[in-house]
Every structure is written in C-alpha cells, then in structure tokens.
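The values are calculated or read from the model by the stated rules, or taken from the named source; none is laboratory data. These numbers were taken from a predicted model, which means no experiment stands behind them. Note that we place each Cβ from the backbone using ideal geometry, even for glycine, and neighbour counts take in every protein chain shown. Quick note on the areas: whole protein, heavy atoms, side chains included, nothing else; ligands and nucleic acids left out. Shrake-Rupley method; radii C 1.70, N 1.55, O 1.52, S 1.80 Å.
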Amino acid sequence: MIPLKGKEGLPHVVGKDIQNVFQNLFKQRGKWRREVQKHVARYYTADAPRAGNSRKMVVCMADGRMHHGGLCDRLRGFVSVYSVCKAMGIDFRIYFRHPFRLEDYLLPNAVDWTVDDAEMCYNSRDAMPLFCGTNGTHVEQGFQRLWLRQNFAKDYRQVHVYTNAHIAAGKRFKPLFEELFKPSEALSRAVDGVLRETGGPFVAVTCRFQQLLGDFKEGDGQYEVLPPEERRRLMERCLQAIERIHGASGKQGGLPVLLTSDSVGFLDHATARLPYVHRVPGSLTHMDYESHSPAGAQLKSFADLLALGHAERVLLLKTGKMYNSGFPRIGALIGGKPFKLVRF
C-alpha cells in the first residue's frame, strides 16, 4: 500500500518527481547551448560567405562535427524536425555527409530535402547552429517542440540542427517518414530479398547486446564484454525466448521470425539452430563510431530497419544487461506496426 501522508506520501513523491523533471529539462537547455559552443560554434564566423537562400530553411545536420547517434537517433530527429517545419511553413533540408551520404540508401519522396555543399552557409549573421537532445523524461516532447519552434522563429536564413528529438511519435511517424523518404534501388532489393525468404507474414525480434558478446564495437570500448561461458548462457536464454515467441505466433507451426541484432555471432548461431529464423545478410557497425565500415554494413542496417516495418509485430528481447534499444521501435513506427518490449 502507498502511504498518502508525510514525506513518503503519494502527493510528496509525485511533487518531487515533477520538480526533478522540470529542473532537469531547464538545465538541459543550458547543456544544449554548451554542446553547440563546444563542437560547432567555431565554424560560424562573421567573414564567411553570406547565405544565398531568400527563404528561411532548417537543415538537419549529420556532418561528423559531433556525435549524432546511430541510424534511428538520426532518423527520428529528422522526422521530428520536419514535423515542426511543416507546421511552421519552413523549408526543410537534410545535410547528411558522415560517415556516408544518406542518398545512398534513402531518397527524397514527396519532399526534396537535399542540399548542396554550396548552399550551406556558415556566416554567423545568417546561420545559427542548434542542438536539441533527448534525456527520456515524460514531458520532454513538449519542451523539445517549444525549443525548436522558438529557435526556428529567430531572424536567421538558415538554422542548422543537431538532434535526436522524438517529437513525431505514434501514428504521426509513418506518414511523415513516407513524405520524406523512399528506399534506394539497392535498399529495395535488400528488403525484397528478406521478404521473399520469409515467404509471407512473419514476426520480427530484435536482440541488442552492445559489446556483451564481444563481436560489436560500441562507443570507445567502455562497454562490458561477458566471459565466454556467460555469453553462451545469454545466447541460449535468447534462443529459448525466440522459440516461445515462435510457438505463440498464432499459426500452426508458428510464423517465421526475422531476427535483427548487433551481434553477427548471435545471428549466425540463431539461424543455424532455428530453421524458421531469418536475417538480412551482411556485417554490422555503429555509424557514429566507425568511420570506415565494412562493405555492406550500412546497407544491412537500413535493410534491417525497413524490414521490421513489414512484420506483423515487432518485439525487443531484454534480459540482464542487454540494451533497451530504440531500433525496433523506430522500425515498427516506420511500418505502423505494433511494438512490444519482452523482458525475460
């Protein structure tokens, strides 16, 4: 029973929680400003060439001058900023140059978001860099939206945004994503290939280990790697969870399972052990930490993400120190499919 009086009472606890949330959010704005000063402000000078655009444009940045997050951090930020620009009637662009060009995998669809290097302005009178991060508090989306709207309204011809904001959530995400993006020919072929292999309806399962299994580089190597026997036990527990999902998938014999993971070793192990498990072929890398990726690594990441959106439902498995990843959540949003976190 929850006590209702005193310092342990519900009103006190809720009040402290609200106070902490709002203090955190207001402190975040100072942190966001410091991020700009630390990483990108020096590139904007008064003697740089002036902006050539007459209409204000907001440009989502992925230029390698600061950490941008992984694929889903970037895409959710782009869609979020686009939702604000669309509401405000502001031209929207994406400047994605690090560690590859976004157009290699995703092309403009209904909105031409491309911008040439020559169009980019770094004159401090015409262009302003902006950072908007995410810290997971409950009221964060409203503050992110307000922060972006306030800064987009300032008297600059270009606003360059570094962000992983998550404003456009729920059912809004899919139509906004489809207005912005369509897959390249190579990406379409990769997704079509896995759809042919599954042969019809399937469920999707994601297992995100970071460095626990020792075959994926996360960050600067500061993440834990499990001893060999603990790795084996963790993989076995995940396989057992996949078997339970397959057995309860609502079809005699079970639906095929599309498995995505940051561990190629686990993908190899699962597909060898379970004949109904399928994967997108290729190696993997984290785009924010690997400037020189193996051939096909980025294509696999994009294909994994878009293939998730074709599943009947998308599930993220988590036990112990496994990571509560946003990757399958964004994949489900892209396809407008249900998502569930499965703790076991």
Modelled label-to-label distance, Leu274 and Lys321, 7 Å Cα→beta-carbon offset: nm?
2.3 nm
Please list Asp117, Asp73 from largest to smallest accessible area, probe radius 1.4 Å, with all protein chains kept in place.
Asp117, Asp73
Could you calculate the FRET efficiency of Ala118 with Ser188 from 1/(1 + (r/R0)^6), where r is the beta carbon distance between them and R0 is 30 Å, rounded to 0.05?
0.50
Read through the labelled values (i) 1.08; (ii) 0.94; (iii) 1.55 and report the label of the one computed as Cα Rg over 2.2 N^0.38 Å from the structure.
(i)
Subtracting the Cα-Cα distance of Glu236 and Asp91 from 0.36 nm times their residue separation yields 47.2 nm
Net charge (Lys, Arg +1; Asp, Glu -1) of residues whose beta-carbon lies under 13 Å from that of Ser184, Ser184 excluded, is -1
Protein accessible area in the chain, 1.4 Å probe - carbon and sulfur %:
52 percent
What does the helix-only formula give at 222 nm for the chain: each DSSP H stretch with n ≥ 4 adding -39500 (n - 2.57), the total divided by the residues, and the result rounded to the nearest 500 deg cm²/dmol?
-12500 deg cm²/dmol
Scattering profile of the stretch 86-135 at q = 0.18, 0.31, 0.32 Å⁻¹ [log10 I(q)/I(0), Debye over alpha-carbon scatterers]
-0.83, -1.22, -1.22
Membrane-span-like helices (DSSP H runs, Cα span along own axis at least 15 Å, mean Kyte-Doolittle at least 0.0) in the chain -> 71-88, 297-308
Interchain or long-range residues, amide H under 5 Å from Asn109's placed H:
Phe181, Lys182
Can you give the extra length, in nm with one decimal, that the chain gains between Lys31 and Glu103 once fully stretched, where that is 0.36 nm per residue apart less the Cα-Cα distance?
22.8 nm
In terms of modelled amide H atoms, which long-range or inter-chain residues lie less than 5 Å from the amide H of Cys60?
Arg93, Ile94, Tyr95, Val161
Kindly provide the trypsin sites (Lys or Arg not before Pro) of the stretch 119-172 that DSSP labels as loop, not H, G, I, E or B, and whose Cβ sees at most 14 other Cβ atoms within 10 Å.
Lys154
Pull out a ≥ b ≥ c, the square roots of the eigenvalues of the alpha-carbon gyration tensor of the stretch 37-151, then state rounded if a/c is under 1.5, prolate if not and a/b is larger than b/c, and oblate in the remaining case.
rounded
Gln222 versus Asn53: modelled label distance in nm, points set 7 Å from Cα along the beta carbon direction:
3.5 nm
What nm value, rounded to one decimal, do you get for the distance between Ile18 and Glu243 when each label is placed 7 Å out toward the C-beta?
5.0 nm
